[in-house]
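One structure is given below, encoded as structure tokens.
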Amino acid sequence: NTRLASHNKTRVAYFHDEGVGNYHYGERHPMKPHRLTLTNHLVLQYGLHEKMEIFQPRRATDDEILNFHSSDYYEKLFQQFNVGDDCPIFDGIYDFCQRYAGATIEASRKLIANGADICINWSGGLHHAKKSEASGFCYVNDIVLGTLELLRYFPRVLYVDIDIHHGDGVQEAFYSTDRVMTVSFHKYNGDFFPGTGHIDEVGSSLGKYYSVNVPLRDGIDDDAYVWLFKEVIDAVIGTFQPSAIVLQCGADSLGCDRLGCFNLSIRAHGRCVQIIKNFNIPLLVVGGGGYTVRNVARCWTYETSVLVDTELDENLPPNEYRDFFKPDYKLHPHLKGRVENQNDRNYLLKVRERVMEQLRYLDA
Ligand SMILES: CN1CC(C(=O)N[C@@H](CCCCCC(O)(O)c2ccon2)c2nc(-c3ccccc3F)c[nH]2)C1
Ligand SMILES: [Ca+2]
Ligand SMILES: [Zn+2]
């Protein structure tokens, strides 16, 4: 009956800082925080704010950021020379970091207080930042900060990362503990950034076998990715029995991404979010990469609708950014990837078998 259904409804909290999309990495840089403004705008135009509690989060304090990052790194961030072209020091970089990290920390606290079942922060998910080093467009690792917060209450936290790049900063931070299991699906060929994420990176000391890497080749398609994702996640959750989950939804694993080379549709990417949601375990959802801005906004809007169990009209609502979505103005455009699928069945079965073998060490 509706009372029961309404009683069981998932409580979703949405964290969006009004100013977080107004920063600029620089002319030729692929990272466009403006994608966050577009996403939030679409979410509101579809009326999804009526299905969630909306929060304007406060910024992270220096002390909170120093929970993970070293002071000589963080306090002199603006003095760092640009770390190559990847990590430019731009106007307002401190504010930007404090805003996106503050939202992830606030979201973690909301889960700890059981104020929500699912918390969303699309501005977060900056998985490459290290304790004392900016890397891959990431300066402060909000995921590590949020996970450290969750560990103050939840005994075991599972981290899942569907960005096309390896979640190296998060894996490194928790490589030697059995309280966090990190699982990253990513392109791996020895050259692709960041170069880590080999299947043999299984963790060390107390954390041995608690780091799972799923290395993939170019061009993986919807069916193969979703099949492998479900196989791995079912086994990981069955074995690790996490008390909370952090899901990084990097949208550069979509077809046609400016930096990516997978062939996923927005529906398949969203299917991964649905698979995690269906476990009904306290869930923190963050963003990540994503460089074809119109599709990042579509993807994270669609995934917000998945998290609030709401169907969206295929025709985008009229909105002031309409031109970004031409010529189709649809929610699910056909993202015909340009790369051949180099993941044959044998390769995928072998990866699956290696992951299952690794997890069996934890059953023992
Ligand atoms: C010395 N060489 C530069 C290193 C390198 O190849 N870096 C990657 C970095 C890719 C970062 C991906 C970030 C992310 O999507 O994973 C993300 C961002 C936020 O959360 N997740 C990269 N930089 C670029 C890039 C940088 C500046 C300008 C144009 C570019 F194409 C593309 N890919 C090696
Ligand atoms: Ca990944
Ligand atoms: Zn990425």
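Taken together, the residues in the stretch 63-103 that are hydroxyl-bearing (Ser, Thr, Tyr) and touching a Phe, Trp or Tyr at 6+ places or on another chain (Cβ under 8 Å) amount to 1. Among the residues of the stretch 204-214, those identified as open to solvent by 10 Å² or more (accessible area, probe 1.4 Å) and either within 16 Å of ligand 1 (Cβ to nearest atom) or in a loop (DSSP other than H, G, I, E, B) (or both) are 204, 208, 209, 210.
The set of residues from the stretch 171-203 being within 15 Å of ligand 1 (Cβ to nearest atom), in contact (Cβ under 8 Å) with a residue 40 or more places away in the chain and part of a loop (DSSP other than H, G, I, E, B) comprises 193, 194.
Remark: pairs (first residue in the stretch 322-351, among the polar types (S, T, N, Q); second residue in a helix (DSSP H, G or I); Cβ separation under 6 Å; 6+ apart in sequence or on different chains) = 343/224. Is it the case that residue 330 is open to solvent by 70 Å² or more (accessible area, probe 1.4 Å), more than 30 Å from residue 212 (Cα to Cα) and touching a strand residue (DSSP E or B) at 6+ places or on another chain (Cβ under 8 Å)? For residue 330, the condition - open to solvent by 70 Å² or more (accessible area, probe 1.4 Å), more than 30 Å from residue 212 (Cα to Cα) and touching a strand residue (DSSP E or B) at 6+ places or on another chain (Cβ under 8 Å) - is met.
If a residue counts only when it is under 14 Å from the mean Cα position of the chain (by Cα) and of a type in the set (Phe, Trp, Tyr), which helices (runs of 4 or more DSSP H) contained entirely in the stretch 221-309 have at least 1 such residues?
Values: elements: 222-240, 266-277, 293-307.
Per the criteria, 293-307.
All of (1) under 23 Å from the mean Cα position of the chain (by Cα); (2) touching a residue at least 12 places away in the same chain (Cβ under 8 Å) hold for residue 66 with one exception: (2).
Within the stretch 183-200, restricting attention to residues that are more than 10 Å from ligand 2 (Cβ to nearest atom) and more than 22 Å from residue 86 (Cβ to Cβ), which residue is most open to solvent (accessible area, probe 1.4 Å)? Per the criteria, the residue is 200. Does residue 258 count as within 14 Å of ligand 1 (Cβ to nearest atom) and either out of contact with any helix residue (DSSP H, G or I) (no Cβ under 9 Å at 6 or more places or on another chain) or basic (Lys, Arg) (or both)? Taking the combined requirement at face value, the residue satisfies it. The sole residue among 258, 267, 294, 271 that is touching a Leu at 6+ places or on another chain (Cβ under 9 Å) and of a type outside the set (Gly, Ala, Ser) is 294.
For the condition touching a residue at least 40 places away in the same chain (Cβ under 8 Å), open to solvent by 20 Å² or more (accessible area, probe 1.4 Å) and not charged (D, E, K, R), what is the one hit in 108, 132, 123? Full working, then the answer.
On the way: 108 fails: open to solvent by 20 Å² or more (accessible area, probe 1.4 Å); 123 fails: open to solvent by 20 Å² or more (accessible area, probe 1.4 Å).
Of the residues listed, the single one that is touching a residue at least 40 places away in the same chain (Cβ under 8 Å), open to solvent by 20 Å² or more (accessible area, probe 1.4 Å) and not charged (D, E, K, R) is 132.
The selection criterion, being of a type in the set (Lys, Arg) and either surrounded by 18 or more Cβ atoms within 10 Å (Cβ to Cβ) or in contact with a strand residue (DSSP E or B) (Cβ under 9 Å, 6 or more places away or on another chain) (or both), holds for residue 277. Taken over the stretch 79-118, the criterion of being part of a loop (DSSP other than H, G, I, E, B), acidic (Asp, Glu) and at pLDDT 95 or above is satisfied by 86, 117. What's the number of the condition residue 234 fails, among (1) out of contact with any Gly (no Cβ under 9 Å at 6 or more places or on another chain); (2) within 19 Å of residue 347 (Cα to Cα); (3) more than 13 Å from ligand 1 (Cβ to nearest atom)? Evaluating residue 234 over (1) out of contact with any Gly (no Cβ under 9 Å at 6 or more places or on another chain); (2) within 19 Å of residue 347 (Cα to Cα); (3) more than 13 Å from ligand 1 (Cβ to nearest atom) leaves (2) as the failure. Restricting the stretch 215-231 to residues that are out of contact with any Ser or Thr (no Cβ under 8 Å at 6 or more places or on another chain) and open to solvent by 40 Å² or more (accessible area, probe 1.4 Å), the residue that is nearest to ligand 1 (Cβ to nearest atom) is 217. Of all residues in the stretch 136-152, those being open to solvent by 20 Å² or more (accessible area, probe 1.4 Å), touching a residue at least 60 places away in the same chain (Cβ under 8 Å) and either under 11 Å from the mean Cα position of the chain (by Cα) or more than 9 Å from ligand 1 (Cβ to nearest atom) (or both) number 1.
The values are calculated or read from the model by the stated rules, or taken from the named source; none is laboratory data. On a predicted model such as this, the values are computed, not experimentally measured, just so you know. Reconstructed Cβ throughout: ideal geometry from the backbone, glycine too, with neighbour counts over all protein chains shown. Accessible surface is based on the protein model in full, side chains and every heavy atom, while ligands, DNA and RNA are left aside. Shrake-Rupley method; radii C 1.70, N 1.55, O 1.52, S 1.80 Å.
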